[in-house]
Amino acid sequence: MKNILQALAVLVFTWAPPLKAMDLDPKDIRGSSSKEPVEVLQNRYFLKGFRPEIGLIGGFVLNEAYTNTQLSGLRGGMFIDEWIGFEFQYIRARVKPSTDRQTLEQLKYRPLVGEGVTTVSPEVNAIHVITEANAVAAPLYGKINIINTWIVYTDIYATAGLANVQTDQGNKGAISIGAGERFYVGQSWSLRIDYRDRIYTETRGGSSSRRHAQSVDFGLSYFFL
């Protein structure tokens, strides 16, 4: 009798068709939640809208051949919702001659006409102070899970606005455009990295020339609760 039952069991499992994933009804898997949308990424557990922000800035100008320009300053701003905001920045520059400039200024030559020795001095229009106001749009949002223990929220944003740049040639009105990313440390503190391009007109070789003063800025900001 036992051998007969074992033979029937083997026969049943052999004839039974395999269960395919496509044969399953999603309702059987998700139950009543099948009527609710599945959120891929949840929002932050805190908001930043209408919370004033203050911060510190430190960075450097990228595209200067004859000077090393370091930037430091203050910023303040506020988001009017989770995606749109505005900010103001005041930045001072510390300018030092670059190695290329020092090398050129050490060169000496005798002119074909006249007497004496002439040195080479490149034309430089150094930046001293930047004051600007920008609109901020932060439509991209994400979070980073660090070893399944700590979640860091982040925003990627774009900026656009107007700036006043004080240079060796005087004040220059500029258009400021940029992009950046913010990493939140808790509900109030955040770390920022920004790329900015300030576009204005200056004089080069006796004629007007458009300049792109590109910079990378690192910042620490605090949102008031």
Counting only residues that are surrounded by fewer than 17 Cβ atoms within 10 Å (Cβ to Cβ), assigned to a strand (DSSP E or B) and in contact (Cβ under 8 Å) with a residue 24 or more places away in the chain, the range 203-222 contains a total of 8
Can you go through ARG75, ARG51 and tell me which one is in a strand (DSSP E or B), in contact (Cβ under 8 Å) with a residue 12 or more places away in the chain, out of contact with any Pro (no Cβ under 9 Å at 6 or more places or on another chain) and charged (D, E, K, R)? ARG75
Quickly run through the range 96-111 and pick out the residues that are modelled with pLDDT of 75 or more, assigned to a strand (DSSP E or B) and open to solvent by 90 Å² or more (accessible area, probe 1.4 Å). LYS96
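Considering VAL113, VAL95, which residue is in contact (Cβ under 8 Å) with a residue 24 or more places away in the chain, β-branched (Val, Ile, Thr) and over 17 Å from ARG192 (Cβ atoms)? Outline the logic, then answer.
Values: VAL113 fails: in contact (Cβ under 8 Å) with a residue 24 or more places away in the chain.
After applying the criteria, what remains is VAL95.
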Out of PRO122, PRO139, I need the residue that is more than 30 Å from ARG92 (Cβ to Cβ) and modelled with pLDDT under 95. Which one? PRO139
Within the range 157-182, tally of residues that are part of a strand (DSSP E or B) and either over 21 Å from LEU56 (Cβ atoms) or of a type in the set (Ser, Thr, Tyr) (or both): 14
Conditions (1) more than 17 Å from GLN214 (Cβ to Cβ); (2) open to solvent by less than 70 Å² (accessible area, probe 1.4 Å): number failed by GLY180: (1)
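Counting only residues that are in a strand (DSSP E or B) and open to solvent by less than 60 Å² (accessible area, probe 1.4 Å), how many does the range 81-95 have?
Filtering the range 81-95 for residues in a strand (DSSP E or B) gives 84-95.
Now drop any that are not open to solvent by less than 60 Å² (accessible area, probe 1.4 Å), which leaves 85, 87, 89, 91, 93, 95.
So the count comes out to 6.
The values are calculated or read from the model by the stated rules, or taken from the named source; none is laboratory data. Not measured: the values here are computed from a predicted model. Note that we place each Cβ from the backbone using ideal geometry, even for glycine, and neighbour counts take in every protein chain shown. Side chains included, ligands, DNA and RNA excluded: accessible areas come from the protein's heavy atoms. Shrake-Rupley method; radii C 1.70, N 1.55, O 1.52, S 1.80 Å.
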